[in-house]
Amino acid sequence: MPRSVPSVLLAALVILAAGCGPGDAPEATPSEAAPGVAHLQACLNDAPTEPCPANPDVDGAYWTAQQEAQSVAYLDAAELCLRAAIDGHRAAREGACVDVYQAYVAEGVRSDLGGRLDETEARRGYAKARIALQRQRSQTFIDGMRANPGPDVPQTID
């Protein structure tokens with residue numbers, strides 16, 4: 001029994017609306033796209049008020065290489081961290097997000113991440129990223145000085 005044209009069109013529309021058209025693959029979630037992004041997403045979702053622990057598999061050099069390639073993983077990670085920083089979450093100010101900021105600030109300009117951020121978000125995110133980087137550098141310096149304080153400084157002048 002042949003189908004009528006409207007029923008075939010209706011079936012095709014239902015399939016397309018459901019996202020099950022021929023050749024369509026499900027869109028990758030951040031956790032499937034890159035382990036670094038999944039780590040950041042978990043930190044920001046599970047404990048936004050705590051520093052996000054460093055990811056041993058993904059560091060600043062990794063994110064810098066991803067930024068240079070403008071990979072989706074880098075864009076996802078930067079967007080996650082910058083939006084969380086703008087919202088004031090501590091997880092975005094310390095820890096793993098700072099590695100992402102190293103790559104973001106290395107661009108040398110306020111980036112909108114390919115249209116993911118508006119101008120105001122890009123400006124605020126860039127400022128917060130630079131502050132987080134400076135805070136990390138200062139803390140690293142202080143920790144180094146405490147670990148190896150150097151010679152005593154005389155407290156009186158003779």
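The values are calculated or read from the model by the stated rules, or taken from the named source; none is laboratory data. Since we're looking at a predicted model, the values are computed, not measured. FYI the Cβ positions are ideal-geometry reconstructions off the backbone, even for glycines, and counts take in every protein chain you see. Calculation scope for accessible area: heavy atoms of the full protein, side chains included, ligands and nucleic acids excluded. Shrake-Rupley method; radii C 1.70, N 1.55, O 1.52, S 1.80 Å.
Here are the numbers for this structure:
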{"quantity": "Sequence ranges 47-55, 107-115, 80-88, 92-100, ranked by mean other-Cβ count within 10 angstrom, highest first", "calculated": "92-100, 80-88, 47-55, 107-115"}
{"quantity": "Prolate/oblate/rounded label for segment 31-142 (Cα gyration tensor, a/c 1.5)", "calculated": "rounded"}
{"quantity": "Surface accessible to a 1.4 Å probe, residue 130 within the full protein complex, Å²", "calculated": "130 Å²"}
